[in-house]
Amino acid sequence: MLKRHFLALLLAGLALPFCSQAADKPTIKIGYVEGWSDSVATTNVAANIIRNKLGYPVEMVPVAAGIMWQGVARGDLDATLSAWLPTTHEAYYSQFKDKVVDVAVNYPGARIGLIVPDYVPAHSIADLNANKAAFQGRIVGIDAGAGVMKKTEEAIKKYQLDYTLLPSSGTGMAAELARSINSKKAIAVTGWIPHWMFAKWKLRFLDDPQKVYGEAEHVDSVVHPGLSTKAPEVVAFLKKFRWKPEEIGKVMLDVENGAKPAAAADGWVKANPAKVNEWTH
């Protein structure tokens, strides 16, 4: 009886260091913007990997973009994977660049502009006037105050388009696009990439020779400087974490089709072990 009791104590003592090591890993707080499908997809996939492959507890914190940058700068948040640079978040980066570390690009080739189905004859914004009848003289937009809407108003003036910009919503725009594609009609919408609609349909941006919409951007992973000491494995992972349009598009489309973001992310991680292994080793 005493031997068994001693053996149980000995085994418990041996297990203790391993338990405490896992329990001692600090919680990683990641800020993201809930209304941005790319932010939701990227953050959920990264959180899944940090939690399940690296062994850190993760707290995802939904915030507005400005609060997200401020949180990382102050250390209230450890990281964000939703920094649109160099243009969209230029003001935030200028304000906080001395208090954050931009560790890597996680999505290259992000951009905004006018998007059309691949079958339409127009290839440039300048082609729209010549195809006014096919497009019914309209561009289907999103929320009136959005940055891409303001740029589209500029584009209409700059290219002297005889078109009306119709405010809608992200959901409304996508529904209009779906209706037009189903009936093979021409349509131009305001949009951006990464977006789930590029995973669902064959689309392209209209060329913008006057650069009204600016150059292509990239989405970066930005961390608080203290994270390299707090969780060096997480920083090492974020330096390698970078994915392609079809990869993020799959997660975003699954969420759009009704999957919970965490479930969509978990499905993608399980279906792509080689890619995950590449990022974590």
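The values are calculated or read from the model by the stated rules, or taken from the named source; none is laboratory data. Every value quoted in this text rests on a predicted model; they were computed, and no experiment measured them. Positions of Cβ are generated from backbone atoms using ideal geometry, with glycine treated the same way; all protein chains shown enter the neighbour counts. For the accessible areas, the whole protein counts, side chains as well, though only heavy atoms, and no ligand, DNA or RNA atoms are used. Shrake-Rupley method; radii C 1.70, N 1.55, O 1.52, S 1.80 Å.
With the structure loaded, tell me whether residue 268 is assigned to a loop (DSSP other than H, G, I, E, B) and surrounded by 15 or more Cβ atoms within 10 Å (Cβ to Cβ) or whether it fails that test.
no
Looking at segment 77-122 only, could you name the residues that are assigned to a loop (DSSP other than H, G, I, E, B) and either in contact with a His (Cβ under 6 Å, 6 or more places away or on another chain) or surrounded by fewer than 15 Cβ atoms within 10 Å (Cβ to Cβ) (or both)?
78, 86, 97, 98, 99, 118, 119, 121
Look through segment 165-218, keep the residues that are within 23 Å of residue 39 (Cβ to Cβ) and among the acidic types (Asp, Glu), and return whichever of them is surrounded by the most Cβ atoms within 10 Å (Cβ to Cβ).
Checking each candidate, the answer is 217.
Looking at the structure I just gave you, is residue 244 basic (Lys, Arg) and modelled with pLDDT of 95 or more?
So residue 244 fails the test.
From the residues in segment 136-164 that are open to solvent by 30 Å² or more (accessible area, probe 1.4 Å) and either assigned to a strand (DSSP E or B) or touching a residue at least 60 places away in the same chain (Cβ under 8 Å) (or both), which one is farthest from residue 122 (Cα to Cα)?
151
Tally time: how many residues in segment 227-265 are free of Cβ contacts under 8 Å to residues at least 12 places away in the same chain, open to solvent by less than 80 Å² (accessible area, probe 1.4 Å) and assigned to a helix (DSSP H, G or I)?
The qualifying residues number 3.
Among the residues of segment 219-226, is any surrounded by fewer than 22 Cβ atoms within 10 Å (Cβ to Cβ), among the polar types (S, T, N, Q) and at negative phi?
No, the conditions are met nowhere in segment 219-226.
Restricting to segment 108-151, name every residue that is of a type in the set (Val, Ile, Thr), out of contact with any Lys or Arg (no Cβ under 8 Å at 6 or more places or on another chain) and at pLDDT below 95.
142, 148
Does segment 118-168 hold any residues that are hydroxyl-bearing (Ser, Thr, Tyr) and under 20 Å from residue 182 (Cα atoms), and which are they?
Those that are hydroxyl-bearing (Ser, Thr, Tyr) and under 20 Å from residue 182 (Cα atoms): 119, 168.
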